[in-house]
Amino acid sequence: MKNNRKNTSKSNMNKKANRLHSRRLLYGTLIVLLAVIVAVIVRTVSKSNRGSDQIPVFRVGEETVFLDEVNLYLLQNVVNAGVTKDTLDQAMQTGEKTEEEYINDVFRAIMDLKVENIVAAEKGISLTEDEKENIEKKAFDYIGSVDGHILYKFGITQELVAKTYTEQYLAKKLEDSVTEDIDVEEQRYCTIYKLYFPKVEMDENGDYVRAEDGKTPVMLSDDTIAEVKKNAEDAYEKILAGEDIAEIAKEYQVDMYSGEESNLTNSFEETFIPYVQTLKEGECSPIIELSSCYLIVKMMEWNNEEIANQILGYYRDDLEKEAAGEKKTEWYDEMGISQNPDFVGNAWKEISLYDYVQDVEE
């Protein structure tokens with residue numbers, strides 16, 4: 001009996017040992033299998049990313065621009081410009097920017113930054129500690145605002161974002177050094193009402209009807225022109241009597257091509273310059289006869305300071321852009337760098353704005 005108990009106990013122990021060994025083998029197999037699956041996933045994702053920081057797109061002088069940087073700028077452009085698949089699909093019909101134009105604009109923007117950074121370094125332009133801290137914060141905030149999947153897919157890192165922000169800051173400081181001495185003369189601003197009585201045929205959109213050559217306006221008959229002149233004279237008397245000029249335009253059915261225009265005094269068409277410089281508020285010109293119409297100009301508002309300053313700001317912006325553009329051309333020439341991208345390999349041919357739009361829309 002004792003031997004039987006011993007044999008039974010030994011048998012049970014062997015069974016437990018076998019079960020334990022089997023479990024260990026199963027767990028080991030599962031761990032190996034899981035490791036293989038993880039390795040496959042990592043390899044697959046890595047292939048989709050393809051190390052975009054190592055894929056060259058084009059060169060600017062001695063510097064190579066890699067795909068990850070192009071990805072960042074294209075992604076930002078899609079978001080900032082509100083580009084969608086529909087706008088890209090309909091670009092040809094609506095006259096909006098095409099996919100190719102968006103991409104070329106980004107290429108040129110990157111090239112300008114690289115060239116300006118070379119010049120900034122030569123001129124000893126650098127960032128303050130506060131600016132560096134601000135850049136790091138902006139880069140951190142940007143990374144936190146974009147889906148991680150998108151960042152990984154396009155190879156966008158916080159270091160890359162900080163690098164591009166740094167280049168943008170330095171380029172801006174360089175441009176500011178170019179435009180800081182621009183002096184904008186004080187300008188006067190006014191709003192006039194232009195009351196037209198056409199001598200030519202007008203279509204339903206208020207445009208000239210043209211002859212077969214597509215250029216020459218079709219003149220009204222002499223009798224009709226005489227009636228138009230009489231209408232202009234009657235309207236002039238009503239304006240002098242204090243009637244509202246906009247209501248007069250409606251009365252004579254010329255309101256479609258008459259109306260107010262606001263501008264800096266020296267920015268009006270040449271025909272209007274003598275009147276915007278001399279008329280006081282509420283005054284009107286005599287009847288002006290032009291080849292295409294009889295015209296009356298009334299001064300509605302003179303030198304609205306708020307609007308004048310706003311327009312002056314636009315004017316200064318235009319002058320600054322013009323000055324910066326001229327300098328950029330000089331810098332390209334001085335460094336012997338073409339203003340067209342010096343492409344490397346074929347990566348640039350595979351870039352599609354639809355990839356970025358799809359991820360943003362999702």
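The values are calculated or read from the model by the stated rules, or taken from the named source; none is laboratory data. Owing to the predicted nature of the structure, the values given are computational and were not obtained by experimental measurement. In this analysis, Cβ positions are derived from the backbone assuming ideal geometry, glycine residues included, and neighbour counts consider all displayed protein chains. Protein only, heavy atoms only, side chains kept; ligands, DNA and RNA dropped before computing areas. Shrake-Rupley method; radii C 1.70, N 1.55, O 1.52, S 1.80 Å.
Restricting to region 208-229, count the residues that are without any contact (Cβ under 8 Å) to a residue 60 or more places away in the chain and either open to solvent by less than 80 Å² (accessible area, probe 1.4 Å) or in a strand (DSSP E or B) (or both).
Going residue by residue through region 208-229, those that are without any contact (Cβ under 8 Å) to a residue 60 or more places away in the chain are 209-216, 218-227.
Adding the requirement that they be either open to solvent by less than 80 Å² (accessible area, probe 1.4 Å) or in a strand (DSSP E or B) (or both) leaves 209-211, 214, 216, 218-221, 224-226.
Selection size over region 208-229: 12.
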Original post:
Taking Thr166 and the conditions (1) open to solvent by 40 Å² or more (accessible area, probe 1.4 Å); (2) in contact (Cβ under 8 Å) with a residue 40 or more places away in the chain, which numbered condition does it fall short on, given that it satisfies the others?
Top reply: (2)
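When you scan region 286-300, do you find a residue that is within 30 Å of Ile225 (Cβ to Cβ) and of a type in the set (Gly, Ala, Ser), even just one? First the steps, then the outcome.
The first filter runs over region 286-300 and keeps only residues within 30 Å of Ile225 (Cβ to Cβ), leaving 286-300.
Filter again for of a type in the set (Gly, Ala, Ser), leaving 291-292.
Taking every residue of region 286-300 in turn, at least one turns out to be within 30 Å of Ile225 (Cβ to Cβ) and of a type in the set (Gly, Ala, Ser).
Hey, among Ala232, Ala323, which residue is open to solvent by less than 40 Å² (accessible area, probe 1.4 Å), modelled with pLDDT under 95 and either in a helix (DSSP H, G or I) or charged (D, E, K, R) (or both)?
Details: Ala232 fails: modelled with pLDDT under 95.
Only one candidate passes the filter, namely Ala323.
Among the candidates Lys153, Lys137, Lys114, single out the residue that is open to solvent by 50 Å² or more (accessible area, probe 1.4 Å) and farther than 21 Å from Asp359 by Cβ. I'd like the intermediate steps shown before the answer.
Values: Lys153 fails: farther than 21 Å from Asp359 by Cβ; Lys114 fails: open to solvent by 50 Å² or more (accessible area, probe 1.4 Å).
Answer to the check: Lys137.
Quickly run through region 117-134 and pick out the residues that are under 25 Å from the mean Cα position of the chain (by Cα), among the hydrophobic types (A, V, I, L, M, F, W, C) and open to solvent by 30 Å² or more (accessible area, probe 1.4 Å).
Restricting attention to region 117-134, the residues satisfying the condition of being under 25 Å from the mean Cα position of the chain (by Cα) are 117-120, 131, 134.
Checking which are among the hydrophobic types (A, V, I, L, M, F, W, C) leaves us with 118-120.
Ile118 - this is the single residue of region 117-134 that is under 25 Å from the mean Cα position of the chain (by Cα), among the hydrophobic types (A, V, I, L, M, F, W, C) and open to solvent by 30 Å² or more (accessible area, probe 1.4 Å).
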Original post:
Which members of region 265-294 meet the condition of being of a type in the set (Gly, Ala, Ser) and either part of a helix (DSSP H, G or I) or crowded, with 18+ Cβ neighbours inside 10 Å (or both)?
Top reply: Ser267, Ser285
**OP:** Scan region 172-227 for residues that are closer than 30 Å to Lys321 by Cβ, among the basic types (Lys, Arg) and modelled with pLDDT of 90 or more and report the count.
**Re:** 3
Subject >> region 253-264: number of residues that are open to solvent by 50 Å² or more (accessible area, probe 1.4 Å) and part of a loop (DSSP other than H, G, I, E, B) >> reply: 4
**OP:** State all residues of region 77-111 that are open to solvent by 80 Å² or more (accessible area, probe 1.4 Å) and either in contact with a His (Cβ under 7 Å, 6 or more places away or on another chain) or farther than 16 Å from Val57 by Cα (or both); if no residue qualifies, say none.
**Re:** Val79, Asn80, Lys85, Asp86, Gln90, Met92, Gln93, Glu96, Glu101
Subject >> Residue in region 169-183 that is nearest to Glu63 (Cα to Cα), counting only those that are assigned to a loop (DSSP other than H, G, I, E, B) and open to solvent by 50 Å² or more (accessible area, probe 1.4 Å) >> reply: Glu180
**OP:** Would you mind stating whether Glu334 is assigned to a loop (DSSP other than H, G, I, E, B), surrounded by fewer than 16 Cβ atoms within 10 Å (Cβ to Cβ) and over 27 Å from the mean Cα position of the chain (by Cα)?
**Re:** no
Original post:
Hey, does region 187-203 have a residue that's without any contact (Cβ under 8 Å) to a residue 12 or more places away in the chain and not in a helix (DSSP H, G or I)?
Top reply: yes
